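I have placed the structure first, in the form of structure tokens, so that the comments after it can refer back to it.
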Amino acid sequence: MTVFEEIANDVAFKLVVCLQACGKGQADSIRNDVGMMWLGFYMEWVTVGKVLKTLMIKRGWIKVPPYYYPPGSPQQ
């Protein structure tokens, strides 16, 4: 794992944490204007996530996990 790949994975993890915080802020807000403010933050983070995912796919930094075979099923 390269340094850049590790940094990209850390940024992606922090992005998910921030998206969850924005969602919680939206759910907990009582006033509509505050909820819309949280929605604006959420939309900005989604845009950043889209750019980051595109970059990670382009560089080959996204790993596809192996296929899961449940116990007892015939393996192909």
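The values are calculated or read from the model by the stated rules, or taken from the named source; none is laboratory data. This is a predicted model, so every value here is computed, not measured. All Cβ positions, glycine included, derive from the backbone under ideal geometry; neighbour counts span all protein chains shown.
Would you please list the contacts, defined by Cβ atoms under 7 Å and residues six or more apart or on different chains, that run from a residue in the range 1-28 that is closer than 14 Å to Phe41 by Cβ to a residue that is of a type in the set (A, V, I, L, M) and surrounded by 11 or more Cβ atoms within 10 Å (Cβ to Cβ)?
Leu15/Val48; Leu15/Leu52; Gln26/Leu39
Would you mind finding the one in Val51, Val64, Val17 that is at pLDDT below 90 and among the hydrophobic types (A, V, I, L, M, F, W, C)?
Result of the check over Val51, Val64, Val17: Val64.
Across the range 45-62, what is the total count of residues that are closer than 22 Å to Cys18 by Cα and in contact with a helix residue (DSSP H, G or I) (Cβ under 9 Å, 6 or more places away or on another chain)?
Here the count works out to 10.
Counting only residues that are free of Cβ contacts under 8 Å to residues at least 24 places away in the same chain and loosely packed, with under 13 Cβ neighbours inside 10 Å, how many does the range 29-76 have?
29
Could you check how many residues of the range 23-76 are part of a loop (DSSP other than H, G, I, E, B) and at negative phi?
Residues flagged as part of a loop (DSSP other than H, G, I, E, B) and at negative phi within the range 23-76 amount to 18.
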